[in-house]
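For reference, the structure is listed below as structure tokens.
The values are calculated or read from the model by the stated rules, or taken from the named source; none is laboratory data. Since we're looking at a predicted model, the values are computed, not measured. Neighbour counts are summed over all protein chains in view; Cβ atoms, including those assigned to glycine, are modelled from backbone coordinates with ideal geometry. SASA here: full protein model, heavy atoms, side chains in, ligands and nucleic acids out. Shrake-Rupley method; radii C 1.70, N 1.55, O 1.52, S 1.80 Å.
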Amino acid sequence: MVTPSASRAAPQPSQGRALRARSAWSGVLIGVGVAAFVDETVFHQLLHWHHFYDRSTPDIGLVSDGLFHAFGWFAVVIGLVMVADLRRRAALVGRALAGGILTGAGAFQLYDGTVQHKLMKLHQIRYHVDLTPYDLTWNILAVLFIAAGVLLLRAANYR
């Protein structure tokens, strides 16, 4: 019979790498979702700078925003379920989680700024202005998030 305290025993050393990876991946999902939420809330809803898909009617843009918003929240919820499972097992690695969050947010932002804005041309950050300062700020912040996340992930691996 397994007692509740036995199920909360510290993870074996051989499980450490897998638990760090699971902590990191849960953070990546949360980071992607939070970055999507901030993008949707600030740039789409509050500032009205763009929609997720701007190459059609405003109604299609609004629907695309809703789908984008749902995607972001699904990512956050799945990441939080993974965190809850790790906490229940007393196996959550905080640095890996934080590193994953920063890496996920930065990766989302860099993907959005390069692939969605420039390659696919789904939307721009703003319209009818010089995009250079916006693009530089957007992508430099993304790289800084990724760099900070990678540093935390590396620190989690050497603990």
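Below are the figures for this structure:
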item	result
Which numbered condition Met120 fails, given (1) touching a residue at least 24 places away in the same chain (Cβ under 8 Å); (2) closer than 24 Å to Trp73 by Cα; (3) exposed (fewer than 14 other Cβ atoms within 10 Å of the Cβ); (4) not charged (D, E, K, R)	(1)
Among the candidates Asp130, Asp85, residue that is open to solvent by less than 70 Å² (accessible area, probe 1.4 Å) and over 22 Å from Ile60 (Cα atoms)	Asp85
Inter-residue pairs, beta-carbon under 9 Å, first under 19 Å from Gly99 (Cα atoms) and of a type in the set (A, V, I, L, M) and in segment 132-148, second open to solvent by 70 Å² or more (accessible area, probe 1.4 Å) and in a helix (DSSP H, G or I), 6+ apart	Ala142/Tyr111
Neighbours by Cβ (under 7 Å, 6+ apart or cross-chain): first from segment 15-37, in contact (Cβ under 8 Å) with a residue 24 or more places away in the chain and crowded, with 24+ Cβ neighbours inside 10 Å; second aliphatic (A, V, I, L, M) and not in a helix (DSSP H, G or I)	Ser23/Leu92; Ser23/Val93
One residue from Tyr158, Tyr127, Tyr134 being within 17 Å of Ala24 (Cβ to Cβ) and modelled with pLDDT under 95	Tyr158
Cβ pairs under 6 Å, 6+ apart, first in segment 62-82 and within 17 Å of Val38 (Cβ to Cβ) and in contact (Cβ under 8 Å) with a residue 12 or more places away in the chain, second of a type in the set (Gly, Ala, Ser) and part of a helix (DSSP H, G or I)	Gly72/Gly33; Gly72/Ala36; Ala75/Gly33; Val76/Gly33; Gly79/Ser26
